1. Under 15 Å from a label point 7 Å along Cα→Cβ of residue 55: give me every residue in the range 81-121 with its amide N that close.
2. Does the range 86-174 come out rounded, prolate or oblate, given a ≥ b ≥ c as the square roots of the eigenvalues of its C-alpha gyration tensor, rounded meaning a/c under 1.5 and, failing that, prolate meaning a/b above b/c?
3. Using only the alpha-carbon atoms of the range 130-212, report the extent along each of the three principal axes, biggest first, to the nearest angstrom.
4. Taking the Cα centre of the range 73-212 as the origin and placing charges on Cβ (Lys, Arg +1; Asp, Glu -1), which of 79, 167, 204 is farthest toward the positive end of the dipole?
5. Report, in listed order, any pair from 120/191; 100/186; 120/197; 83/107; 100/182; 120/182 with a Cα-Cα distance greater than 24 Å.
6. Which of the aspartates and glutamates could a cross-linker span from residue 157 if the Cα-Cα distance has to be under 14 Å and same-chain partners fewer than 8 positions apart are dropped?
Amino acid sequence: MSVYRQSRWLKLSLVALLSAMATGCSQSPTKLSQLENKAFEQPQTPPLASNLNAQEEYEFALDLAEWEIDRQRYERAETLLQKLRKAQYDDLRLYRMLAKVYEGQQKNALALVAWLHVNKSNDRLVSDEAELARLALIQEEFDIAEPIYQAWLSSDKISQQVSGLNNLGFAAILQNDYSQAKVYFKQALGKDPLNTKASNNLALVNTLIEKQ
């Protein structure tokens, strides 16, 4: 284990321990002593570095923000992430986390802004596009979601093409365009006849058409 990873592990352990104590943890003295021993005892390892450099401090703070998000302490995470933006404004990891924070707080409009920032980057991932499009559909921002799914149709992966068609069909349903939705779902099944999502969606849209 590197000195840097040991230092981060130790600090995260301390954060967890202090958090438990601060929230009125009802551990017995014996139990608390055991936790302290686990946090501080690292046999057969070299001495830890006493200081972190600027990048290591940044990475540690980023880990701490993720730790807060995992525990749904969104306000704490947001405060930390906003401070980190001043240090590395273009770090996409910050905005992915901020999007989770805002959606966790039911601030979907702000989450959408965060995902838009990520997707402006050439380093964006397909998963970033998927999250932006998903949230755009929730917000009924079809002009944002549909171009992403249309672009997936040019992918060399059949699975991504089918996913794009399924999502385009779902977007059409949300806009009450059932006939277009049916076209998309049939195209999806044409590419992957065993795709259960497409077959289920097609059955749904046929039912909606019958009820018109």
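Just so it is clear, none of the values below were taken in a lab; they were calculated from the coordinates. Being a predicted model, the structure only gives us computed values, none of them experimental. Glycine also receives a Cβ, built like all others from the backbone with ideal geometry; neighbour counts cover every protein chain displayed.
1. 88, 91, by backbone N distance to the label point.
2. Working: a/c = 2.67, a/b = 1.46, b/c = 1.83.
Oblate.
3. Taking max minus min along each principal axis of the Cα atoms, the range 130-212 gives 32, 29, 15 Å.
4. Going by the Cα projections, it comes out as 79.
5. Numbers: 120/191 30 Å; 100/186 34 Å; 120/197 30 Å; 83/107 19 Å; 100/182 33 Å; 120/182 32 Å.
Violating the 24 Å limit, Cα to Cα: 120/191; 100/186; 120/197; 100/182; 120/182.
6. Straight-line reach from residue 157, under 14 Å: 192.
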